[in-house]
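Peer 1: Handing you a structure now.
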Ligand SMILES: [Zn+2]
Ligand SMILES: [Zn+2]
């Protein structure tokens with residue numbers, strides 16, 4: 001005579017083959033730890049006191065780079081990266097050059113008129 005389904009399952013609780021504990025009673029023992037920083041660039045959790053907002057130097061550099069604007073130099077048309085939105089020149093040389101040319105133009109018009 002075969003046992004009924006109810007008999008088989010009420011006799012003993014089913015044990016988890018790995019933990020040897022009754023299944024359904026295992027609870028995650030690890031609680032949420034506070035204060036673990038997440039990388040501002042890739043969102044990865046990390047544990048380093050060195051750089052507080054980024055998991056790695058690469059992410060830090062990439063984030064800094066993403067903050068920069070790509071501008072074209074008014075004088076030499078060269079593309080350059082800058083943190084200043086209104087910057088017009090790739091270098092001080094270009095700025096000085098245009099500044100000098102403007103001064104020159106001003107002087108020319110003055111002597112003309
Ligand atoms: Zn990262
Ligand atoms: Zn330039």
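The values are calculated or read from the model by the stated rules, or taken from the named source; none is laboratory data. This is a predicted model, so every value here is computed, not measured. Don't worry about glycine lacking a Cβ; one is built from the backbone with ideal geometry, like all the others, and counts go over all protein chains shown.
Peer 1: Can you give me the number of residues within region 83-113 that are assigned to a helix (DSSP H, G or I) and near ligand 2 (Cβ under 10 Å from one of its atoms)?
Peer 2: Of the residues in that region, 6 qualify.
Peer 1: Criterion first (touching a helix residue (DSSP H, G or I) at 6+ places or on another chain (Cβ under 7 Å) and at pLDDT 95 or above) does residue 90 satisfy it?
Peer 2: no
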